[in-house]
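The values are calculated or read from the model by the stated rules, or taken from the named source; none is laboratory data. No experiment lies behind these values; they were computed from the predicted model shown. All Cβ positions, even for glycine, are placed from backbone atoms using ideal geometry, and neighbour counts span all protein chains on display. Note: accessible area is taken over every heavy atom of the protein model, side chains too, but ligands, DNA and RNA are not part of it. Shrake-Rupley method; radii C 1.70, N 1.55, O 1.52, S 1.80 Å.
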Amino acid sequence: MDLAQQILKQYWGYDDFRGIQREIIDSICAGQDTLGLMPTGGGKSITFQVPALMKEGVCIVITPLIALMKDQVSHLRQKGILASAIYSGMSRSEIITVLENAIFGGVKLLYVSPERLFSDIFMVKLRHMQVSFITVDEAHCISQWGYDFRPSYLKIAEIRREKPDAPVLALTATATPEVVTDIQQQLGFSVPNVFQMSFSRSNLAYIVRRAPDKMEELTHILRSVAGSAIVYVRSRKRTRETAQYLNAQGISATFYHAGLEPSTKDERQQQWQRDEVRVMVATNAFGMGIDKPDVRLVIHIDCPDSPEAYFQEAGRAGRDGRQSWAVLLYNDSDHRKLKKRIADTYPEKDFIREVYDQLAYFFTVGVGSGSGRTFEFDIEKFCRAYHHFPVPTDSALHILSRSGYIEYETDPDSRPRLHFLLARNELNRLDELSGNQEKVITALLRLYGGLFSDYCYIDEGYLAQETGLDRNDIYLILKNLGQRRIVDFIPRRNIPLITYLQRREDGDRIVIPTTVYEERRNQYEHRIQSMLDYATGTTECRSVSLLRYFGEHGATPCGKCDVCLSRKATQADTAEEARQRILQLLSDGQRHHITSLRSTQLPDKLLDEALSHLLNEEKIIMEGSLVYVER
């Protein structure tokens, strides 16, 4: 074994690499910028975790998936690998400790969310760090032509200027040829260097089911196919309603979306992973980085707005290699809903300018002022005041943000924060605390570090689990401790923020660049049309259709999707029809020369197959060139 295989065997127990893992590892170890395209379940993490242990220094892993980074860090530490993560919720002192450990050799893999990359403390500490290479996970997020573009990713190239000798490994499971090119340009690849696995999944059958009543069809499918399942829906409200419906039908289900408390998300995810509940009903907030290999079914009730999103979500089925199904439920209303999303996501420019002006009235910001000012933004109140619908209004604000006029934070770090105002020795001398207050303080000290030196994000749900108290009681106790000046407690505030990045202009002077509006709208329309073509197509194998979208041509039909199965059924009907025509011709009891069978007007291949079948079944007799039916 060479070093890479030794590490693989020692830490993961595998004898050898699979797919293109080895090629990617060799490339990054040779110091080359590298892009790896690997489908969900293809083993992406091995391609950076193994070389991180082979090379001197720390591998920085940039990923937007906090749940994934926590999970991977936990698993790596269990294997004895030095791994840490920096993400929202950590105190400044905790972040400094992690970064200094990385500087002094105590970390081999450092996971960082893209938003945390450019804090002052990170950039200062980075300069003193020996970086082996930089891994960019979910790399399609850096492409403005990708389906899941995130502006925070664009800044990753700046890290390269700080560490010009560290090569970049970009990884993604979903990228069209155009996005593949853009990823390499955005990350400053010196030369193009792409390794790509086939996106084909031989064990996964893609099915489109036309369903006038989707809930009835959903129940039918879940009762027909055993095993763990994910059901994807479009809205948070629908996750709850669908889970309630399934439970009422005797199918155990829970639900998941981004608006749930972290503790609730973790609890439900664990219930599902332990098979305590069979079905997870979720928005697209669920699934990335979730390592459950035995998912047999992924069902989409609502049609996604891109093949990329569908392919990635559907690919969470059957990661153990066993037969699994990805089912899209479709009816005529989906066409209308998808087309409406175009207008909602890219409203008219005049509407965008109108929203910009009304935003200034809402915050009383005069023309020529406001630069640098930040405001809390209640979108429901704004829409009521100016008679707008929330969805296009939200889209208009995102377009203004991409155009550089404002910064629109829809999900600011709004979790509750807490900081002890008393020193630890003063805390120990308190004698007027109730039993429940003591429980809460003890739990805080056990669950969180750095509370005496800085504010720390806390989770009231975890505190409730730890103390056995009701969540509302936790909130009231923390408020009371705050009133007594024992702690400074900042409660949760789920309010978006808007910051003016430049002085306010008159709306008529707002310029929305073509790259921000027309080009991205055209791309969005193309993705939606591609999704509609996939859902309504009846002639091309579903797998072949998806692979062609991602630039993989010449794929063989899967034989398992609804289109392939329908074709097989049609061919079977045709074969039976051919046999019946031959028997009808021979029903007169006469001996016919074989050339007379041409009168059936059957294609030669079909005629030969029908004859062979009838002879094998001894339904006809052939003597030389004569055929007949024995009476």
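Here are some notes:
- Top-ranked residue of the stretch 594-608 - restricted to ones that are of a type in the set (S, T, N, Q) and open to solvent by 30 Å² or more (accessible area, probe 1.4 Å), ranked as nearest to residue 574 (Cα to Cα): 601
- When each of 157, 166 is tested for being small (Gly, Ala, Ser) and in contact with a Phe, Trp or Tyr (Cβ under 7 Å, 6 or more places away or on another chain), the lone residue that passes is 166.
- Number of residues in the stretch 355-395 that are among the β-branched types (Val, Ile, Thr), more than 19 Å from residue 505 (Cβ to Cβ) and open to solvent by 60 Å² or more (accessible area, probe 1.4 Å) equals 1.
- Annotation: of all residues in the stretch 494-516 being of a type in the set (Ser, Thr, Tyr) and within 18 Å of residue 359 (Cβ to Cβ), the one that is most open to solvent (accessible area, probe 1.4 Å) is 499.
- When the stretch 64-88 is limited to residues that are outside any helix (DSSP H, G or I) and loosely packed, with under 15 Cβ neighbours inside 10 Å, the one that is modelled with the lowest pLDDT turns out to be 88.
- Single condition residue 590 does not satisfy, out of (1) more than 30 Å from residue 619 (Cα to Cα); (2) in a loop (DSSP other than H, G, I, E, B): (1)
- Against the conditions (1) among the polar types (S, T, N, Q); (2) at pLDDT below 90; (3) surrounded by fewer than 22 Cβ atoms within 10 Å (Cβ to Cβ), residue 331 satisfies every one except (2).
- Top-ranked residue in the stretch 250-263 [being touching a residue at least 24 places away in the same chain (Cβ under 8 Å) and more than 17 Å from residue 65 (Cα to Cα); ranked as surrounded by the most Cβ atoms within 10 Å (Cβ to Cβ)]: 255
- Candidate set: the stretch 545-584, residues that are at pLDDT 85 or above and touching a His at 6+ places or on another chain (Cβ under 9 Å); chosen: the one farthest from residue 599 (Cα to Cα): 547
- Meets criteria (surrounded by 17 or more Cβ atoms within 10 Å (Cβ to Cβ) and within 24 Å of the chain's Cα centre (by Cα)) for residue 544: yes
- When the criteria are applied in full, residue 190 fails the requirement of being touching a residue at least 40 places away in the same chain (Cβ under 8 Å) and in contact with a Cys (Cβ under 8 Å, 6 or more places away or on another chain).
- Taken together, the residues in the stretch 474-493 that are of a type in the set (Gly, Ala, Ser) and either in contact (Cβ under 8 Å) with a residue 12 or more places away in the chain or open to solvent by 80 Å² or more (accessible area, probe 1.4 Å) (or both) amount to 0.
- Taken residue by residue, the stretch 376-387 has at least one member that is β-branched (Val, Ile, Thr) and modelled with pLDDT under 95.
- Residue identified as under 27 Å from residue 265 (Cα atoms), of a type outside the set (Gly, Ala, Ser) and touching a residue at least 24 places away in the same chain (Cβ under 8 Å) among 406, 399, 458: 458
- Taken residue by residue, the stretch 209-218 has at least one member that is touching a residue at least 60 places away in the same chain (Cβ under 8 Å), in contact with a Phe, Trp or Tyr (Cβ under 9 Å, 6 or more places away or on another chain) and buried (at least 23 other Cβ atoms within 10 Å of the Cβ).
- Pair list, Cβ < 6 Å and 6+ apart or interchain, from the stretch 61-75 residues that are within 23 Å of residue 257 (Cα to Cα) to residues that are open to solvent by 20 Å² or more (accessible area, probe 1.4 Å) and in a loop (DSSP other than H, G, I, E, B): 65/288; 65/289; 66/87; 67/289; 68/289
- Listed conditions (1) modelled with pLDDT of 95 or more; (2) in a loop (DSSP other than H, G, I, E, B) are all met by residue 60, apart from (2).
- Unmet criterion (only one of (1) at pLDDT 90 or above; (2) small (Gly, Ala, Ser); (3) open to solvent by less than 20 Å² (accessible area, probe 1.4 Å)) for residue 468: (3)
- Within the stretch 1-46, the set of residues being closer than 16 Å to residue 132 by Cα, part of a helix (DSSP H, G or I) and among the charged types (D, E, K, R) comprises just one member, 26.
- Cβ pairs under 9 Å, 6+ apart, first in the stretch 1-27 and on the phi > 0 side of the Ramachandran plot, second of a type in the set (Asp, Glu) and outside any loop (DSSP other than H, G, I, E, B): none
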